[in-house]
Amino acid sequence: MSQISRRRFLQTSSAAAAGLMFLPRGVVAEQSPLAKLNIGVIGVGNRGEANLLGVASENIVAICDVDLNFLDKAGSRFPKAVKYRDYRKLLERSDLDAVVVSTPDHTHAGPALQALKSGHHVYCEKPLTHTVAEARSLTQEALAHPELATQMGTQIHATPNYRRVVEAIQSGVIGPVRYVHVFCDKNWGGAKLPVDTPAVPKNLDFDLWLGPAERRPYHPTYHPANWRRFWDFGGGTLADMACHYMDLPFWALDLSYPTSVRAKGPDVDDHSAPLWCVVEWEFP
């Protein structure tokens with residue numbers, strides 16, 4: 001039986017309980033069995049706060065958020081962590097082992113890609129990126145660094161219920177599966193571009209929040225939650241929930257790439273995702 005150090009056991013068991021796990025494909029250098037990882041967390045509000053707490057047993061050496069309200073709240077819990085508004089400054093540190101990225105969808109690829117280039121393990125909240133091109137670039141960079149651990153956050157994937165259902169389906173309890181229906185009652189869509197231009201709150205660096213997105217006036221409908229409704233920042237209900245709900249049949253049936261995809265819904269809007277949508281994927 002292979003041996004596992006106390007440090008590796010604690011890393012995997014405690015992180016898995018929170019839905020986060022850094023599992024290096026290579027060997028993680030360790031100076032002591034009791035040593036902890038130095039982690040920087042980019043995005044510490046809402047889902048980011050949950051991910052921050054998921055790695056709280058390690059050394060949280062740096063935290064970053066464009067919203068001072070989120071940043072100060074996290075800083076009060078982790079007073080030894082250095083606070084940053086700009087993730088690029090955080091990633092200039094030489095003492096980081098791993099990085100957690102929990103920003104809005106349109107700013108996942110930038111920090112995750114730079115972290116890999118800097119030699120850091122990366123945990124990135126779902127969806128992995130905002131575009132297919134970004135996903136390909138991130139995949140190529142991860143493959144170029146096999147010594148680094150990478151993981152996308154699909155928290156439900158780690159729960160006992162999902163694993164039990166996968167085991168049941170794969171053991172043939174209900175026989176061959178030919179068709180699967182997946183329902184979700186969220187409706188991240190139907191938004192309209194705001195016309196008024198209120199002042200940017202003092203706690204928010206809106207330029208940093210926009211990141212690579214097209215410049216526009218600030219509006220509270222974008223931050224901190226409704227950005228999911230807009231194509232420039234998110235991908236509606238599909239980008240938010242499909243990777244959770246569709247994960248179960250995709251996993252249980254050992255699926256890969258679809259051969260065709262068809263969708264129907266309201267008329268396509270240039271700015272916002274639809275309020276409802278029916279999509280059919282066909283797999284070999």
Identity of the residue in the stretch 185-233, surrounded by 13 or more Cβ atoms within 10 Å (Cβ to Cβ) and of a type in the set (Asp, Glu), that ends up nearest to residue 130 (Cα to Cα): 232
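Just give me the residues in the stretch 62-82 being touching a helix residue (DSSP H, G or I) at 6+ places or on another chain (Cβ under 9 Å) and surrounded by fewer than 17 Cβ atoms within 10 Å (Cβ to Cβ), in sequence order.
Across the stretch 62-82, the qualifying residues are 73, 77, 82.
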Enumeration of residues in the stretch 205-221 that are under 13 Å from residue 67 (Cα atoms) and either assigned to a loop (DSSP other than H, G, I, E, B) or in contact with a helix residue (DSSP H, G or I) (Cβ under 9 Å, 6 or more places away or on another chain) (or both): 205, 208, 209, 210, 220
Members of the stretch 149-165 found to be open to solvent by 40 Å² or more (accessible area, probe 1.4 Å) and small (Gly, Ala, Ser), listed by number: 158
Long-range neighbours under 6 Å by Cβ, at least six apart or interchain, first residue under 13 Å from residue 180 (Cα atoms) and open to solvent by 60 Å² or more (accessible area, probe 1.4 Å) within the stretch 239-263, second at pLDDT 95 or above and in a helix (DSSP H, G or I): 251/166
Residue count for the stretch 43-61, restricted to those that are open to solvent by 40 Å² or more (accessible area, probe 1.4 Å) and assigned to a helix (DSSP H, G or I): 4
Verdict on residue 229 being of a type outside the set (Val, Ile, Thr) and touching a Gly at 6+ places or on another chain (Cβ under 7 Å): yes
Residues satisfying the stated conditions in the stretch 136-148, i.e. buried (at least 16 other Cβ atoms within 10 Å of the Cβ), free of Cβ contacts under 8 Å to residues at least 40 places away in the same chain and of a type in the set (A, V, I, L, M): 138, 142
Wholly enclosed helices (runs of 4 or more DSSP H) of the stretch 65-180 bearing at least 1 residues within 18 Å of the chain's Cα centre (by Cα): 68-77, 87-90, 109-117, 132-143
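Any idea which of 182, 165, 177 is in contact (Cβ under 8 Å) with a residue 40 or more places away in the chain and in contact with a Phe, Trp or Tyr (Cβ under 8 Å, 6 or more places away or on another chain)?
Exactly one of 182, 165, 177 is in contact (Cβ under 8 Å) with a residue 40 or more places away in the chain and in contact with a Phe, Trp or Tyr (Cβ under 8 Å, 6 or more places away or on another chain), namely 182.
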Filtered residue count, the stretch 264-284, keeping only those that are over 17 Å from residue 179 (Cβ atoms) and surrounded by 11 or more Cβ atoms within 10 Å (Cβ to Cβ): 10
Residue match in the stretch 114-135 (condition: in contact (Cβ under 8 Å) with a residue 60 or more places away in the chain, charged (D, E, K, R) and surrounded by 20 or more Cβ atoms within 10 Å (Cβ to Cβ)): yes
Residue within the stretch 59-82 that is of a type in the set (Phe, Trp, Tyr) and at pLDDT 95 or above present: yes
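The values are calculated or read from the model by the stated rules, or taken from the named source; none is laboratory data. Please read all numbers here as calculations on a predicted model, not as lab measurements. When we count neighbours, we look across all protein chains shown, and the Cβ atoms used for this are built from the backbone with ideal geometry, even at glycine. Note: accessible area is taken over every heavy atom of the protein model, side chains too, but ligands, DNA and RNA are not part of it. Shrake-Rupley method; radii C 1.70, N 1.55, O 1.52, S 1.80 Å.
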